[in-house]
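Engineer: Take this structure first; my questions come after.
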Amino acid sequence: MQNLWLIPALPFIGFLINGILGRKLSKAVVSSIAVLSVVLSFGLVVSVGLSSDWGANPIHQHYFTWIQSGGVNIGWDFMVDKLTMIMLMVVTGIGSLIHIYATGYMAHEEGYYRFFAYLNLFMFFMLNLVLGANYLLLFVGWEGVGLCSYLLIGFYFVKKSATTAGNKAFIVNRIGDFGFSLAMFLIFMTFGSLDFGKVFAAAPGKPAETLTAIALLMLLGATGKSAQIPLYVWLPDAMEGPTPVSALIHAATMVTAGVYMCSRSAAIFLKAPIAMDTVAIVGLATAVFAATIGLTQYDIKKVFAYSTVSQLGYMFLGVGVGAFSAGVWHLMTHAFFKALLFMGAGSVIHACGGEQDMRQMGGLKKYTPWTCGVLACASLAIAGVPGTSGFFSKDAILTAAYAHAPWMFWVGVVTAGMTAFYVWRAFWMTFWGEYRGGHASAAAGHGHDAHAHADNHAHADHHGHDDHAHGGQAHGGHGAHGTPHESPWSMLGPLVVLAFLSLAGGFLFNIPKFLESMFPLHEEVANEQMLMGISIAAGLIGIAVSYFLYVVSPEVPARIAGALGGIYTLVYNKYFVDELYDATIVQPLVEGSTAVLWHGLDQGVIDGAVNGAGSGSRSIGGVLKHLQSGNIRTYATWVVVGSVILLVAMGLNGGMVR
Amino acid sequence: MDPQAALQMLHKGVPTSWYLALSAVLFTIGVAGFILRRNIITVFMCIELMLNAVNLSFIAFAHEHKQVSGHLFTFFVMVVAAAEAAVGLAIILTVFKNRSTLNIDEIDSLKN
């Protein structure tokens, strides 16, 4: 009998030690506590996985009753079934690698202990999210990871753009969480319980309309956390956080929570076909939409951020067409290669002394051969080249999509082509050609800012650099834009492990087979070989086109951009969605609140009532004060008048009562 | 009422209503003096006049109803009046020392 509670408790202990004492501890101690706590919890997960026989009944442990009020009985219960196991492996496994990577990446940053304390807190909440055996525990983790995401996006809190991005992530997620809360209320109303076991057992007998409403509200929650249309806008801005955070939270684990929740609630979703279709369409739309934006971006982290949004769309497509296991498979392989892409990007940024603009890179192959190699693995995997992990999961999703509706397959294939194109575009721009940075004698940040302004896109989030200036002190005093240099082994080690997983993860972990008892496998599609061929071809064409455009004849993209004109501007500026939201939601809210709530309600009604009571009393008192003349004879007159009035009144009432 | 009848009535004793009428007249004079006069001493005397008008009513009723409580009240009033006279005259002397005036309308520091 394993103690499941230890799995999240270990990172929490790490958080407490680092959070409370970290300021006084040396960096070596802080990082070893943080890394050890997560690695130990990974070890526990592995031992739970090995000791379980994976029978029909999941491991279920009840610790204490958390809330007991009337009909509400919510226990602190943890549960491990196969789906949870996959999530636990991904979260703790990738989490361990990223913690190790971060010890190298963050080595010269201020607030080292704070970073690792937040990171451990994140692990605690994320493990709570996947282990929880009822919706409320899931929600605790759900909110907790949102908090940590906010804290870590705003890690460089002296930067205005970072704090704004943190706020944006938090506020946008509130909208989704609102949906999730409503879904929970509705679940409780319908089922009288929030326990997964009871809810899913009773789900088939409930009316489809209620289940559809629950599923749609859950989807709203998932669009917030997993960055789907319409709430995806926070994720690209979240790249303001340090790169390990982007890799761990905003690529591999937290953003997949929505996919996990939908898969976990499969019993509800399967009874709500309308909601399923909505999930599929939202996922597909997000996949295409984000992929087109990814085609045009120059900030290496932005490219991967939109790629993440797009790949999450794929997972939702898989869930939406009923291929839950394919969605979860893609979740896992995506965690491998996207974490690798981000950490590789971090290594590149590290190498270039904080530069994130790919136009300032190029030719890094000879300076950073290891980074180049591992990023090639990740890029092959995400492009779906046969044999790599991404190929298996993507193919599983696309096949399921074809079985559901062929048009979804075709859109998915086009997206796959675009994915291959933009990832390899980033790869060629970064590693091939000549090194384009280093020409500026000015400091890194300054030179880049000037560049950005020159290109007339001085939008706030284009300066999405995480102020990563370790070049200077750490590596022998060369300037920030000096010769690029390879990263230390603490960073490269995890990259190599992930590169292996990205390539071989599909062979090693056959998730649909593993999950077969939970999610039945899809029926065979007639011409599966052909579909596979088409999706492979799309990926290879994407790579080939990017090679042609960015290596063979690098002057062509600019011509294409020029030829497309308005469309290019539209896509380059991310369809102006941020501006649209700003104009339609944020500004009306701000102005409405200013006019109605601030000036109208607060200053008008509330302050008016208080000040009115005050000034009213003063003016009444101003009149009444003249009664007190200080003249005794006037007082006496009042007394006499009063007596006369009393006497008259008594007389009118028939004299004194006996 | 002819003089003969009046004499007869007096022979039996002065009726209570006459005392009460006198009391009312005295009280009214006191009130009028209090309101109309400006000299503090006069005002003070008017207060004494009102007190004694009330005393007269008390005595008259006590005699009418053959009860002793009216007399008791009268003694109370006289004691209070004596004390009041002592304190009041002391205040008046102090006010005159400080302000060199006994005009009650000029002593209005406590206004508004």
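Engineer: What percent of all Cα-Cα pairs in the protein assembly as shown falls into each 10 Å bin, going from 0 up to the bin containing the maximum distance?
Structural biologist: Whole-percent P(r) values from 0 Å outward: 3, 12, 19, 18, 11, 5, 2, 3, 6, 7, 7, 5, 2, 1, 0, 0.
Engineer: A follow-up question, please. How much net charge surrounds A:Tyr135 when only other residues with a Cβ under 13 Å from its Cβ are counted (Lys, Arg +1; Asp, Glu -1)? Each step should come with its number before you reach the end.
Structural biologist: Numbers: positive: A:Lys198, A:Arg264; negative: A:Asp77, A:Glu143, A:Asp177, A:Asp195.
Cβ neighbours under 13 Å give a net charge of -2.
Engineer: To the nearest 10 degrees, how steeply does helix A:273-296 sit against the main Cα axis of chain A, on a 0 to 90 scale?
Structural biologist: Compared with the principal axis, the helix lies near 70 degrees.
Engineer: Can you list residues whose amide H is under 5 Å from A:Asn510's amide H, if they're 5+ apart or on another chain and H is modeled 1.01 Å from N?
Structural biologist: So A:Asn510 has HN proximity to no qualifying residue.
Engineer: With the convex hull built on the Cα atoms of region A:197-294, state its orientation-averaged projected area in nm².
Structural biologist: Result: a mean projected hull area of 6.6 nm².
Engineer: How large is Rg over Rh for region A:502-571, taking Rg from the Cα atoms and Rh as the Kirkwood inverse mean of 1/r across Cα pairs?
Structural biologist: 1.21
Engineer: If you line up the long axis of helix A:369-383 against the longest principal axis of chain A, both from Cα atoms, how many degrees apart are they, to the nearest 10?
Structural biologist: Here the helix axis deviates by roughly 80 degrees.
Engineer: At 37 °C and 0.692 mPa s, grab the translational diffusion coefficient of region B:14-99 from Stokes-Einstein with a Kirkwood Rh over Cα pairs, rounded to a whole number in µm² per second.
Structural biologist: Numbers: Rh = 14.0 Å.
Stokes-Einstein gives a translational diffusion coefficient of 235 µm²/s.
Engineer: State, as an integer percentage, the relative contact order of chain B based on alpha-carbon contacts under 8 Å between residues 6 or more apart.
Structural biologist: Rounded, it is 24 percent for chain B.
Engineer: Sort A:573-586, A:78-91 by packing, meaning the average of other beta carbons within 10 Å per residue, with the highest value first.
Structural biologist: On the way: A:573-586: 14.2, A:78-91: 23.4.
So the peptides A:573-586, A:78-91, ranked by packing, come out A:78-91, A:573-586.
Engineer: Over chain A, what is the relative contact order in percent, taking alpha-carbon pairs closer than 8 angstrom and at least six residues apart? Walk me through the numbers before you get to the answer.
Structural biologist: Working: 1056 pairs, mean separation 81.4, N = 658.
That works out to 12 percent.
Engineer: Using the basic label-point model (7 angstrom from Cα toward the beta carbon), what is the A:Gln68 to A:Leu652 distance in nanometres?
Structural biologist: Distance between the two pseudo-spin positions: 7.0 nm.
Engineer: Taking the Cα centroid of region B:66-112 and of region A:137-212, what is the distance between the two, rounded to the nearest whole Å?
Structural biologist: 81
Engineer: Now for a separate question. How large is the helix-only mean residue ellipticity at 222 nm for chain A, computed as the sum of -39500 (n - 2.57) over DSSP H runs with n ≥ 4, divided by its residue count, in deg cm²/dmol to the nearest 500?
Structural biologist: Numbers: 29 runs with 438 residues, N = 658.
My calculation for chain A gives -22000 deg cm²/dmol from helical runs alone.
Engineer: Hey, with R₀ at 56 Å, roughly what FRET efficiency would A:Glu555 and A:Leu50 work out to, going by the Cβ-Cβ distance, to 0.05?
Structural biologist: About 0.50, to the nearest 0.05.
Engineer: So which aspartates and glutamates pass the test for A:Lys225, namely a Cα distance under 16 Å, with those fewer than 8 places away in the same chain ruled out?
Structural biologist: Within reach: A:Glu143, A:Asp177, A:Asp237.
Engineer: Pull up all non-local amide H partners of A:Trp76: gap of 5 or more, or a different chain, and H-to-H distance under 5 Å with H placed in the peptide plane.
Structural biologist: A:Tyr63, A:Phe64, A:Thr65, A:Trp66
Engineer: Mind giving me the FRET efficiency for A:Ile567 and A:Ser617? R0 is 60 Å, r the Cβ-Cβ distance, nearest 0.05 is fine.
Structural biologist: That gives a FRET efficiency of 0.35.
Engineer: Computed FRET efficiency, Cβ-Cβ of A:His60 and A:Phe185, R0 22 Å: what is it to the nearest 0.05?
Structural biologist: 0.35
Engineer: Now, a different point. Shielding by partners for B:42-48, please: the mean number of other protein chain Cβ atoms within 10 Å of each residue's Cβ.
Structural biologist: Whole-number average of other-chain Cβ neighbours for B:42-48 is 1.
Engineer: Additional query: Compute the distance in nm between two label points, each set 7 Å from the Cα along the Cα-to-Cβ direction, one at A:Lys366 and one at A:Thr584.
Structural biologist: A separation of 5.1 nm, rounded to one decimal place.
Engineer: Straight-line reach from B:Lys97: which lysines fall under 23 Å, measuring Cα to Cα and dropping same-chain residues less than 8 apart?
Structural biologist: Leaving aside lysines fewer than 8 places away in the same chain, those within reach of B:Lys97 are B:Lys111.
Engineer: Turning to a different aspect of this structure: Please give the length that would be gained between A:Ala544 and A:Ala28 if that part of the chain were fully extended, namely 0.36 nm times their separation in residues minus their C-alpha to C-alpha distance (nm, one decimal).
Structural biologist: 181.3 nm
Engineer: While we're here: With the cut-off at 22 Å, tell me which of the pairs A:Lys301/A:Lys338; A:Lys394/A:Lys574; A:Lys159/A:Lys301; A:Lys27/A:Lys168; A:Lys160/A:Lys338 have Cα atoms farther apart than that.
Structural biologist: Exceeds cut-off: A:Lys394/A:Lys574; A:Lys27/A:Lys168; A:Lys160/A:Lys338.
Engineer: Inside 10 Å of the C-beta atoms of A:60-71, what's the mean count of C-beta atoms belonging to other chains?
Structural biologist: Taking all residues of A:60-71 together, the mean is 0.
Engineer: In addition: Sum up the charges of everything whose Cβ sits under 13 Å from the Cβ of A:Gly192, counting Lys and Arg as +1 and Asp and Glu as -1, but leave A:Gly192 out.
Structural biologist: +1
Engineer: Under the definition of partner shielding as Cβ atoms of other protein chains within 10 Å of a residue Cβ, what is the mean value for peptide A:624-632?
Structural biologist: Neighbouring Cβ atoms belonging to other protein chains average 4 per residue here.
Engineer: Could you state the number of Å between the C-alpha centres of region A:252-267 and region A:589-658?
Structural biologist: Cα centres, region A:589-658 to region A:252-267: 65 Å.
Engineer: Please give every one of the lysines within straight-line cross-link reach of A:Lys206, meaning a C-alpha to C-alpha distance under 23 Å, and leave out same-chain neighbours fewer than 8 residues apart.
Structural biologist: Cα-Cα hits under 23 Å: A:Lys198, A:Lys271.
Engineer: Does anything in region A:309-350 have its amide N under 14 Å from the 7 Å Cα→Cβ label point of A:Ala208, and if so which residues?
Structural biologist: Within reach of a label on A:Ala208: no residues.
Where a number appears in this text, it was derived from the coordinates with a stated rule and is not lab data. Everything numeric in this text was worked out from a predicted model, so none of it was measured. Note that we place each Cβ from the backbone using ideal geometry, even for glycine, and neighbour counts take in every protein chain shown.
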